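A short write-up of the structure that comes next.
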Amino acid sequence: MKFDGQVLRQGTWLYANEVVCDIRIVRHDWRYGTADYEDPPDVREDVQGEFFYLQFGSPVKRGEYPSSGSCHLSLEEAQREADKATHGTVKWND
């Protein structure tokens with residue numbers, strides 16, 4: 001997935017508790033809406049601001065990020081979601 005946001009944190013996590021995969025948190029200026037006419041406007045429309053996306057690396061090809069988590073309002077919130085989604089196996093590069 002191509003993503004033009006700013007990478008704030010990178011690290012690894014264990015897929016199935018044995019395959020090392022990449023993970024990163026990207027800051028972006030937009031929260032993308034669903035564009036679904038049946039959704040309420042606050043969900044349907046894109047919103048400009050500061051948002052943080054959690055991206056999961058491919059378990060078969062390092063450096064590719066085919067999967068993104070949800071949009072978060074803070075870096076801390078995205079980090080908490082990363083820990084929860086990876087069952088505590090995330091290790092950040094510091």
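The values are calculated or read from the model by the stated rules, or taken from the named source; none is laboratory data. For clarity, every value in this text was computed on a predicted model and none was experimentally measured. Glycine also receives a Cβ, built like all others from the backbone with ideal geometry; neighbour counts cover every protein chain displayed.
Just one of the listed residues (Asp22, Asp29) is surrounded by 11 or more Cβ atoms within 10 Å (Cβ to Cβ), among the acidic types (Asp, Glu) and modelled with pLDDT of 95 or more, and it is Asp22. Among the residues examined, Ser58 qualifies as within 16 Å of the chain's Cα centre (by Cα), modelled with pLDDT under 95, in a loop (DSSP other than H, G, I, E, B) and not hydrophobic (A, V, I, L, M, F, W, C).
Scanning region 54-89 for residues that are in contact (Cβ under 8 Å) with a residue 40 or more places away in the chain, among the aliphatic types (A, V, I, L, M) and surrounded by 18 or more Cβ atoms within 10 Å (Cβ to Cβ), we see that the one that is farthest from His28 (Cα to Cα) is Ala82. Just one of the numbered conditions (1) in a strand (DSSP E or B); (2) of a type outside the set (D, E, K, R); (3) more than 22 Å from Asn93 (Cβ to Cβ) is not true of Val20: (3).
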